[in-house]
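The values are calculated or read from the model by the stated rules, or taken from the named source; none is laboratory data. Please read these numbers as outputs of a predicted model, since none were measured by experiment. Cβ atoms come from the backbone with ideal geometry, glycine included; neighbour counts cover every protein chain shown.
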Amino acid sequence: MLAAFDLVGNPSSVHAEGREARRIVEDARSALAAAVGALSRNVIFTSAGTEANALALSPGLRGRSGGPAERLLVSAVEHASVLSGGRFPVGRIGQIRVTPAGVVDLDHLRAVLADGPPALVSIMAANNETGALQPVAEAARIVHEAGGLLHVDAIQALGKLPFDINEIGADLATFSAHKIGGPKGVGALVITEGLSGLEPVLRGGGQELNRRAGTENVAGIAGFGAAVKASLQALPEDLQRVATLRDSLENGLREIVGATVFSDQVKRLPNTILFTAPGLKAETAVIGFDLEGIAVSSGSACSSGKVQPSHVLLAMGAGPELAQGAIRLSLGWSTGPEDINRALEAWRKLGNHLLKG
């Protein structure tokens, strides 16, 4: 990124400085493409994951076979940028139920697909609050049999789990740099070969093969590419190491105050915990942890400044009190046993306060 900041060239210019900026962008594009099993020309850089999702949710998309997507179906636990429906009219957006464990109900998906025209379906690879892994490969088969297309928000999965867009069967997938240690404010939409009908959100210049206008964020894209390479190199070792730390943290949370961990009966990301306890208030817990030097959030970081029940937990059937008292803890490549001990000590202090209350 520092090298990219020193460049003065615009990546769309043909002079030497422009070509050097273009090289940095294309190196990052190749890195992301290789990481997710795509072709470089099918990687579209955006300002963030939210823009990538908005670009993906485009009415009229067509795959290699079948007609255009005439409606949008999203799971009830999607990120707000997907729940908003992109550019689909409100009347053409439907929801897919999830089980009490927070996993997409595939029987409901089949029923909803059978009850209408071809659809674009959006199901995230892993939930950003509970960490629950979604059955996206099976969903892809169901969607394609119904003549539809599948978009996978894989922002939480990249760098934490192996992800291959072709093996999964997704037609579109979205990613974000900051979830793998890259810079904030740069994302990407990856599409499969043969997809057509993608309409740009931003129009004007011919950047990104006319699919996203605007001068590329060269430094941010450089950081994205570097983060992709680093996270994939560490992936095999980090998967087990972080999962072991997560299990230790969860056991401690339960033992100290009897915390309830959501989606713990299904496969989850190795680094994500969403939990609560009787009488716990999310805003109080966030402050309490913060005073102990532990950064946590109440639900998604995108909406954690708002005191409101988690839409994910409400969709799972949790009551408003539980949904409003949930805390998300995330682990990463720098997390060690000492961090787990510090978090549990902070929880012990909060727990003693709850028990006294």
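So the values come out like this:
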item: Filtered residue count, the stretch 68-93, keeping only those that are of a type outside the set (A, V, I, L, M) and either in contact with a helix residue (DSSP H, G or I) (Cβ under 6 Å, 6 or more places away or on another chain) or assigned to a helix (DSSP H, G or I) (or both); result: 5
item: Residue match in the stretch 195-218 (condition: part of a helix (DSSP H, G or I) and within 20 Å of the chain's Cα centre (by Cα)); result: no
item: Which listed residue, of Ala76, Ala52, is more than 14 Å from Ala119 (Cα to Cα), surrounded by fewer than 21 Cβ atoms within 10 Å (Cβ to Cβ) and aliphatic (A, V, I, L, M); result: Ala76
item: Residue match in the stretch 100-111 (condition: at pLDDT 95 or above, within 19 Å of the chain's Cα centre (by Cα) and over 22 Å from Leu269 (Cβ atoms)); result: no
item: Single residue of Ala38, Ala33 found to be touching a strand residue (DSSP E or B) at 6+ places or on another chain (Cβ under 8 Å), under 30 Å from Gly148 (Cα atoms), surrounded by fewer than 21 Cβ atoms within 10 Å (Cβ to Cβ) and modelled with pLDDT of 95 or more; result: Ala33
item: Single residue of Lys160, Lys184 found to be at pLDDT below 95 and either crowded, with 24+ Cβ neighbours inside 10 Å or touching a strand residue (DSSP E or B) at 6+ places or on another chain (Cβ under 9 Å) (or both); result: Lys160
item: Some residue of the stretch 122-131 being surrounded by fewer than 17 Cβ atoms within 10 Å (Cβ to Cβ), assigned by TED's automatic domain parsing to the domain that holds Ala31 and touching a Leu at 6+ places or on another chain (Cβ under 8 Å); result: no
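Residues are listed down the side, and each one gets a yes or a no for (1) at pLDDT below 95; (2) surrounded by 15 or more Cβ atoms within 10 Å (Cβ to Cβ); (3) not hydroxyl-bearing (Ser, Thr, Tyr):
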residue: Glu216; (1), (2), (3): no, yes, yes
residue: Ile221; (1), (2), (3): no, yes, yes
residue: Gly225; (1), (2), (3): no, yes, yes
residue: Asp238; (1), (2), (3): yes, yes, yes
residue: Arg246; (1), (2), (3): no, yes, yes
residue: Val257; (1), (2), (3): yes, yes, yes
residue: Gln265; (1), (2), (3): no, no, yes
